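Participant: Take a look at this one; I'll ask things after.
The values are calculated or read from the model by the stated rules, or taken from the named source; none is laboratory data. This structure is a prediction, so every number in the text was calculated from the model and none was measured. Positions of Cβ are backbone-derived with ideal geometry, glycine not excepted, and every protein chain shown enters the neighbour counts. Keep in mind that these areas ignore ligands, DNA and RNA; they rest on the heavy atoms of the full protein, side chains included. Shrake-Rupley method; radii C 1.70, N 1.55, O 1.52, S 1.80 Å.
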Amino acid sequence: MTEPRRPRKKTRVTSLDIAHRAGVSQATVSRVLAGSPLVNAETRRRVEQAVRELNYKVDRHASSLRTQRAGTLALLLFEDPTPDESHINPFFLSMLGSITRACARHGHDLLVSFQQLSDDWHADYEDSMKADGLILLGYGDYLAYESTLEKLVEQGTHFVRWGQVEPGQPGISIGCDNHAGGMLAGRHLLERGCRRIAFVGDASSRFPEFFARYQGCDAALREAGLCMLRALQVDADSTEEAGYAATRALLARGQAFDALFAASDLIAIGALHALKEAGLRVPQDVAVVGFDGTPMARFADPPLTTVVQDTSRAGELLVETLLKQVRDQPAHSVMLEPVLEVRASSGG
């Protein structure tokens, strides 16, 4: 009597199997899986098709031992003043989804870490194999933060940040063209007949994104022979509460204004409440424009005109740019063009 045949043990698919199926070398398969730009499009297509057909799964542990990479990127979110316990600016939440999807497409895990600026957050993630590089979102006072970026450059850490893009900055930045966005807002308000435009938000080098928005609006006014007035500028952090308090302070100055350009949507929403409380109609008495393009802008009362930043493309670029650094490929800063979305708060 013969013994029943034992089922054959399923063998693990290897990169050699992929190479045989695709008709390429094992080294070429490794280059494709690593995202190397040295592989032509047709060869990449054949390898990727073989990967799908054989249901090949990358052994992350073995891969990291060979390459001395973790296969993980770290996203560091820095606390922002918020009315709840999240301490996360809602603008960054929309970007987080895009970053997560981009990491998945590139075969990387994402480690999300909430940081306080007072912590020793610039400790070297790469040497500890926690992550291959850092994505930095949110930082508050840039002048206090700049020295830490310089330390990251000195220690050779791969990192990319979301923020204002300017010459001579440490490291690589992905950001919106805030000056162009300010000009969009200023030109739009001028077209609506506004001439005295208030600005609510910090307009100094401590907050370069806000400052560039202010300067862009001022440039638009100067094209028309006007300018922004310092008497109509009030500092504010990016929260509804700060926008409300700053607008109340602005109104208390007794200086007439027919438009208000807020440095963020959150500030603008707070300003809308303060204006309504003061008996002013929006947009009949004061036109209001925000900045960011957050989902909540659509549901403000009235719906908020805002300068929209492309958070979807921003998330993709942050991941792609960081991975270029990790793979020792050329990488550079990028500025994304904003667009103006006109709604009822400015008479749209």
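Participant: Identify the single condition in (1) open to solvent by 90 Å² or more (accessible area, probe 1.4 Å); (2) modelled with pLDDT of 85 or more that His61 does not satisfy, given that it satisfies every other one.
Facilitator: Every condition holds for His61 apart from (2).
Participant: Another one. Counting just the residues of the stretch 113-147 that are open to solvent by 50 Å² or more (accessible area, probe 1.4 Å) and in contact with a strand residue (DSSP E or B) (Cβ under 8 Å, 6 or more places away or on another chain), which one comes out modelled with the lowest pLDDT?
Facilitator: Leu117
Participant: Could you please give the count of residues in the stretch 289-333 that are more than 17 Å from Thr239 (Cα to Cα), of a type in the set (Asp, Glu) and within 17 Å of the chain's Cα centre (by Cα)?
Facilitator: 3
Participant: Sort out which residues of the stretch 240-273 are open to solvent by 10 Å² or more (accessible area, probe 1.4 Å), not in a helix (DSSP H, G or I) and not small (Gly, Ala, Ser), and write them in order of number.
Facilitator: Listed by number, the residues that qualify are Arg253, Gln255, Phe257, Asp258.
Participant: Within the stretch 166-183, count every residue that is part of a loop (DSSP other than H, G, I, E, B) and at pLDDT 95 or above.
Facilitator: Step one: list which residues in the stretch 166-183 are part of a loop (DSSP other than H, G, I, E, B), which gives 166-171, 177.
From what's left, at pLDDT 95 or above: 177.
Of the residues in the stretch 166-183, 1 are part of a loop (DSSP other than H, G, I, E, B) and at pLDDT 95 or above.
Participant: So Thr306 ticks every box in (1) assigned to a strand (DSSP E or B); (2) in contact with a Lys or Arg (Cβ under 8 Å, 6 or more places away or on another chain); (3) closer than 30 Å to Gly133 by Cα but one. Which box is left unticked?
Facilitator: (3)
Participant: Could you tell me how many of the residues in the stretch 192-202 are open to solvent by less than 30 Å² (accessible area, probe 1.4 Å) and either on the phi > 0 side of the Ramachandran plot or within 28 Å of the chain's Cα centre (by Cα) (or both)?
Facilitator: The number of residues fulfilling the criteria is 6.
Participant: Oh, and also: So Thr82 clears everything in (1) open to solvent by less than 70 Å² (accessible area, probe 1.4 Å); (2) assigned to a loop (DSSP other than H, G, I, E, B); (3) at pLDDT 55 or above except one condition, right? Which one?
Facilitator: (3)
Participant: Another one. Output the residues belonging to the stretch 308-348 that are at pLDDT below 95, surrounded by fewer than 17 Cβ atoms within 10 Å (Cβ to Cβ) and in contact with a Pro (Cβ under 8 Å, 6 or more places away or on another chain).
Facilitator: Listed by number, the list holds a single entry, Gln329.
Participant: Which residue pairs have Cβ atoms closer than 6 Å, lie 6 or more positions apart in sequence or on different chains, and pair a first residue in the stretch 258-286 that is within 15 Å of Leu232 (Cα to Cα) and modelled with pLDDT of 95 or more with a second residue that is among the aliphatic types (A, V, I, L, M) and assigned to a helix (DSSP H, G or I)?
Facilitator: So the pair list comes out as Ala259/Leu189; Leu260/Ala271; Phe261/Ala185; Ala262/Ala268; Ala262/Ala271; Val286/Leu275.
Participant: Residues being open to solvent by 10 Å² or more (accessible area, probe 1.4 Å), over 15 Å from the mean Cα position of the chain (by Cα) and either more than 21 Å from Arg313 (Cβ to Cβ) or without any contact (Cβ under 8 Å) to a residue 60 or more places away in the chain (or both): count how many of those fall in the stretch 159-187.
Facilitator: The total comes to 8.
Participant: Hey, another quick one. Which numbered condition in (1) within 17 Å of Ala287 (Cβ to Cβ); (2) open to solvent by 50 Å² or more (accessible area, probe 1.4 Å) is the only one that Ser205 fails?
Facilitator: All conditions pass for Ser205, except number (1).
Participant: Within the set of pairs 6+ apart or on separate chains, which have a first residue in the stretch 133-153 that is closer than 12 Å to Gln169 by Cα, a second that is of a type in the set (A, V, I, L, M) and at pLDDT below 85, and C-beta atoms under 8 Å apart?
Facilitator: Note: pairs meeting the criteria are Tyr145/Leu117.
Participant: With the requirement that a residue be assigned to a loop (DSSP other than H, G, I, E, B) and open to solvent by 60 Å² or more (accessible area, probe 1.4 Å), what does the stretch 280-298 give you?
Facilitator: Arg281, Gln284
Participant: Collect the residues in the stretch 11-25 that are at pLDDT below 85, closer than 18 Å to Arg52 by Cβ and surrounded by fewer than 17 Cβ atoms within 10 Å (Cβ to Cβ), keeping them in residue-number order.
Facilitator: Arg12, Val13, Thr14, Leu16
Participant: Also, quick follow-up: Name the pairs: first residue in the stretch 1-29 and within 30 Å of Val39 (Cα to Cα) and in a loop (DSSP other than H, G, I, E, B), second residue hydrophobic (A, V, I, L, M, F, W, C) and at pLDDT 80 or above, Cβ to Cβ under 7 Å, at least 6 apart or on different chains?
Facilitator: Val13/Leu54; Val24/Val47; Ser25/Ala19
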